[in-house]
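Encoded as structure tokens, the structure appears first; notes follow it.
Every number here is computed from the coordinates shown, using simple stated rules; none is lab data. Model, not experiment: these values are computed from the prediction. Note that we place each Cβ from the backbone using ideal geometry, even for glycine, and neighbour counts take in every protein chain shown.
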Amino acid sequence: MRIWTGPCLLALGLAVPACSSTAPVERELIIAPAPVACAGDPPQTCLSASEPSGDKWLMRFDEIEGFAYEPGFTYEVVVEEPPLSQEQAVVPRLRLVRLVSKEPSAAAAAPGPLAQDTWRLQSISDSPQDADWSTSGITARFHVGGGWVDGFAGCDRYTGALAVDGEKIKISAPTTTQKLCAREAATRQRAYVQALAKALSYTVTGDSLELKLLDGGSMRFRAADG
């Protein structure tokens, strides 16, 4: 994962004795419409960013202060890069200066049973949660053609990178919008996104969806209008 540090592009987390700046610098960035999987175990979800010149890299969802990302749109933004802290040699967050454009993606959703509905969670096998998952309000939408899954995670929204190959499915660890949640809701949400990142395969039968998980468990959903 790489982000801006003055005139240089550097690996995140490395000390930077040679590259520093003393004044903010404005940069123009293009943010891709689909999130992507990035380093982590399980793989995390990141934004794909580039310069108009074509240089590309990955960045965390919270890397741009004041920027509210919604998958399915290509963004052109101007950001301000604050000076690098010479004492701590840390990479500062970028700050959104202005949104230049927000254009809907031309990627069409692939046809198929997985992508046809908003799905409501019904159960997670071997879950430590005592609550009835069917009343949690948790949902999932699988944008197969676009390459992401999103929905409501019990407290706030989430987005994860998605890859589907036949009945096989792979989801990067979803990123949430960092909304403050009550303890019970936060615990339930964490259990849900952790389970979702273990998805291995899926089966759709009528208005029911079952995800088989890497640990042998399963998640069951029902179509929202079913």
### Task
Pop out the ³J(HN,Hα) list for the stretch 183-194 in order, Karplus 6.51 cos²θ - 1.76 cosθ + 1.60 with θ = phi - 60°, rounded to Hz; leave Gly and Pro as x.
4, 4, 5, 5, 5, 5, 4, 4, 5, 5, 5, 5
### Message
I'd like the Karplus ³J(HN,Hα) series for the stretch 95-103: coefficients 6.51, -1.76, 1.60, θ = phi - 60°, whole numbers in Hz, and an x wherever there's a Gly or Pro.
### Response
10, 5, 8, 7, 8, 7, 7, 9, 10
### Query
Under 13 Å Cα-Cα from Lys56, which aspartates and glutamates qualify once same-chain neighbours fewer than 8 residues away are excluded?
Glu28
### Query
Under a straight-distance cross-link criterion of Cα-Cα below 17 Å, which aspartates and glutamates are reachable from Lys179, leaving out those fewer than 8 residues away in the same chain?
Asp62, Glu63, Glu65, Glu70, Asp150, Asp156
### Task
For the stretch 118-223, divide the Cα radius of gyration by the Kirkwood radius and give the resulting Rg/Rh value with two decimals.
0.93
### Query
So how far apart, in nm, are the two label points at Glu26 and Glu184 if each is 7 Å from Cα heading toward Cβ?
4.9 nm
### Summary
Nearest-0.05 FRET efficiency for Arg141 and Asp55 at R0 = 22 Å, using Cβ-Cβ distance, is 0.10
#### Entry: Set of aspartates and glutamates with alpha-carbon distance to Lys198 below 14 Å, sequence-local pairs under 8 removed
Asp41, Asp126, Glu210, Asp215
### Task
With θ set to phi - 60°, apply the Karplus curve 6.51 cos²θ - 1.76 cosθ + 1.60 along the stretch 46-55 and write out the HN-Hα couplings as whole Hz, x wherever there is a Gly or Pro.
10, 8, 9, 10, 8, 7, x, 6, x, 5
